[in-house]
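Participant: Sending over a structure as structure tokens; questions will come in a sec.
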Amino acid sequence: MARLTQENVERAREIISRYPASRSALLPLLYLAQEQDGWIDDSAMEHIGDLLDLTPAQVLGTCSFYTMFKRQPVGRHLVSVCTNIACLLNGGYELLEHAEARLGVVVDETTPDGEFTLEEVECLADCDRAPCLQVNYRFFGNVTHDDFDRLVDDLRAGRLAETVPAHGVLNREQPPPVSVRRADAPHGAGD
Ligand code: FES
């Protein structure tokens, strides 16, 4: 199921063509797979390996190194709470515990409705606004427990949809690959 769609295979081929060595396209193709499904499963890694002439182990070696690549399904909102030193000193762990209680999950779990995945992360480089967190990599600083509760309510109700797109949908907001646009275009257009 998670092999790349035909449209994304075309995107992948276009990305690969930008590099003198095809294996250099590994990171962008992993992002492409994650944007398609929200996470990267074994069959997606195999497919990427086929496209780049890499073994599944080589693809997995890179995919498992970077924490932004997810190898398990992720909820619509990925909540990343920082507990590194500045945040720790400003209540980061308490915020994380509050998040666990509020969402009813522990770190690395997803709520049963698929809305939220909670993770604990290292420094987000937003230390002057500690404690801070990200939702789908959008920053929220100086987060109190009340702020967190409001944030969860707003996200669940879709009130922040403009500023916090759902996890894994970036690809669906991109224009289709050039060849698809041509196929869809009215006869003679874009030639
Ligand atoms: S320690 Fe939390 S953002 Fe730097």
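Coordinate-derived values only; no laboratory data. Because the structure is predicted, anything quoted here is derived from the model rather than measured. Note that we place each Cβ from the backbone using ideal geometry, even for glycine, and neighbour counts take in every protein chain shown.
Participant: Restricting to Cα atoms and excluding each atom paired with itself, what does the Kirkwood estimate give for the stretch 6-71 in Å? List each step's numbers first, then the result.
Facilitator: Numbers: mean 1/r = 0.0865 Å⁻¹.
By the Kirkwood definition, the hydrodynamic radius is 11.6 Å.
Participant: Quickly work out the Glu7-to-Cys123 label distance, labels modelled 7 Å from Cα along the C-beta direction, and quote it in nm with one decimal.
Facilitator: Those two pseudo-labels are separated by 4.1 nm.
Participant: Still on this structure, please answer the following. If the convex hull of the alpha-carbon atoms of the chain is projected onto planes in all directions, what is the mean projected area in square nanometres? Before the final figure, lay out each step's value.
Facilitator: Details: hull surface 52.8 nm².
Mean projected area of the Cα convex hull: 13.2 nm².
Participant: Moving on. Less than 18 Å from a label point 7 Å out along the Cα-to-Cβ axis of Asp149: which backbone N atoms in the stretch 83-118 qualify, by residue?
Facilitator: 94-105
Participant: Still on this structure: Hey, what D do you get for the stretch 74-132 in µm²/s if you plug the Kirkwood alpha-carbon radius into Stokes-Einstein at 10 °C and 1.306 mPa s? Could you put the intermediate results ahead of the total?
Facilitator: On the way: Rh = 11.4 Å.
Diffusion coefficient, whole number: 140 µm²/s.
Participant: If you average 1/r over every pair of different alpha-carbon atoms in the stretch 47-148 and take one over that average, what Kirkwood value in Å do you get? Walk me through the numbers before you get to the answer.
Facilitator: On the way: mean 1/r = 0.0681 Å⁻¹.
Hydrodynamic radius (Kirkwood, Cα only) of the stretch 47-148 equals 14.7 Å.
Participant: Further question: Please work out the FRET efficiency for the pair Glu94 and Ser22, using the Cβ-Cβ distance as r and a Förster radius of 41 Å; give the result to the nearest 0.05. Please list the in-between numbers first.
Facilitator: On the way: r = 47 Å, r/R0 = 1.16.
Here the calculated transfer efficiency is 0.30.
Participant: Now, a different point. So how much slack lies between Ile85 and Asp113, counting 0.36 nm per residue of separation and subtracting their Cα-Cα distance, in nm?
Facilitator: On the way: separation 28, 0.36 × 28 = 10.08 nm, distance 3.23 nm.
Fully extending the segment from Ile85 to Asp113 adds 6.8 nm.
Participant: What FRET efficiency do you get for Asp50 and Tyr137 if R0 is 35 Å and r is their Cβ-Cβ distance, rounded to the nearest 0.05? List each step's numbers first, then the result.
Facilitator: Values: r = 29 Å, r/R0 = 0.83.
Once rounded, the FRET efficiency stands at 0.75.
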